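Written below as structure tokens is the structure these notes are about.
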Amino acid sequence: MRGGQWQALYLIRGLIAAGHRARLLTPPGSPLMQAAAAQHVDVQALSLGRLLRAAAGVDLIHAHDARAHTIALLVRKPLVVSRRVAFPVRRGVASWWKYRRAAHYIAVSQCVQHILMDAGVEPGKITVVFDGVPVDLWPKTGDRSRVLAVDLEDPGKGKKIIEEAAALADIAVHFSDNLMRDLPEAAIFVYITDLEGLGSAVLLAMAAGAPVLASRVGGLPEIVDDGVTGLLTSNEPPAIAKQIQRLLADRPLALRLAARARSRVEKEFSLEHMVNDTLRVYERILD
């Protein structure tokens, strides 16, 4: 699953644990539907008819992607919309209408908040709620030998750039399709992207104690304080290679960055923070 799907699952589990009744509607057969069902969440396939029936007994609808945002506008219930992406909102009459109908927006970063404001959304209708990640699931390990990156074929996620940088640095990079499994073995986590709303994979790496090297784009500088909780880089392969070599050669620096990053996640980016901040948005809208 991608980051936004994990956040939706973490949120609904947190809402249920806090005593709220919640139902998740997802694309039929999606990885999110399967994961939610495995964790005994009330989950059903998303359709307009099912949404109309489900909405009869709810106080509020929370849409987590563009399609859900559009469908939910057809239901007369207070609508909160999460926006996670850093690309501009489309211009046009349909988009103008769509973005003025929701009761409130949750932006995943200040970067995304500014994108919504540029699209004409009133500042008072936007709240920044950062992603949350698990902080207590990570095993202690001394075998941190891998340079790790996310295995995504999306051309905007920088896999080819990382491969070029790895060749220049003369090191091997492991591209992971399961960060929960592989992060405890990471000597460095490299995250290169053209655009990024926030970067929940980076937060996951920080929680797991892996030193982070990330692109200086979008919302990433809001979570990676360059030289304090990680390193930021341009998207040029020579610059990335140089920083990888720096982290591998200077292990005390890597350990300091990782320790500070882990501490910051515990204080600011836990699942508890994300769920509680989202609940405060709901309460404000319903009041």
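Rule-based calculations on the coordinates, nothing more; no lab input. Small disclaimer: the values here were computed from a predicted structure and weren't measured. Here Cβ is always computed from backbone atoms with ideal geometry, including for glycine, and neighbour counts include all displayed protein chains.
State the extension gain, in nm to one decimal, for the chain segment bounded by D136 and R256, taking 0.36 nm per residue of separation less the distance between their alpha-carbons.
41.2 nm
Treating only the Cβ atoms of Lys and Arg (+1) and Asp and Glu (-1) as charged, compute the dipole magnitude of segment 146-268 about its Cα centre; round to the nearest 20 debye.
460
Picking from M206, P252, L195, whose Cα lies most toward the positive end of the charge dipole for segment 146-268 (charges on Cβ: Lys, Arg +1; Asp, Glu -1)?
Looking along the dipole axis, the top candidate is P252.
For the chain, build the charge dipole from Cβ charges (+1 Lys, Arg; -1 Asp, Glu) around the Cα centre, then report which of T127, V217, S234 sits farthest towards its positive end.
Farthest towards the positive pole: T127.
In whole percent, what relative contact order does the chain give with Cα contacts below 8 Å and a gap of six or more residues?
16
So if each residue of separation counts as 0.36 nm, and I subtract the Cα-Cα distance between A38 and Q110, what length gain in nm does that give?
22.6 nm
Once you list every other residue whose beta carbon is under 12 Å from the beta carbon of V217, what net charge do they have if Lys and Arg are +1 and Asp and Glu are -1?
After counting each charged neighbour, the total is -1.
For segment 36-148, what's the relative contact order in percent, using C-alpha pairs closer than 8 Å and at least 6 residues apart?
Reported relative contact order: 18 percent.
For Rg/Rh (Cα atoms, Kirkwood Rh), pick the label among [x] 0.99; [y] 0.97; [z] 1.08 that corresponds to the value derived from the coordinates.
Recomputing Rg/Rh (Cα atoms, Kirkwood Rh) here picks out [x].
Place a +1 charge on the Cβ of each Lys and Arg in segment 1-143 and a -1 charge on the Cβ of each Asp and Glu, then give the dipole magnitude about the Cα centre in debye, rounded to the nearest 20.
Taking the Cα centre of segment 1-143 as origin, the dipole is about 600 debye.
Evaluate the charge dipole of the chain about its Cα centre and quote only its size in Debye, nearest 20, assuming +1 on the Cβ of each Lys and Arg and -1 on the Cβ of each Asp and Glu.
The calculation lands at about 880 debye.
Expressed as a rounded percentage, what relative contact order does segment 163-287 have, with Cα pairs under 8 Å and six or more residues apart?
Relative contact order for segment 163-287 comes out at 24 percent.
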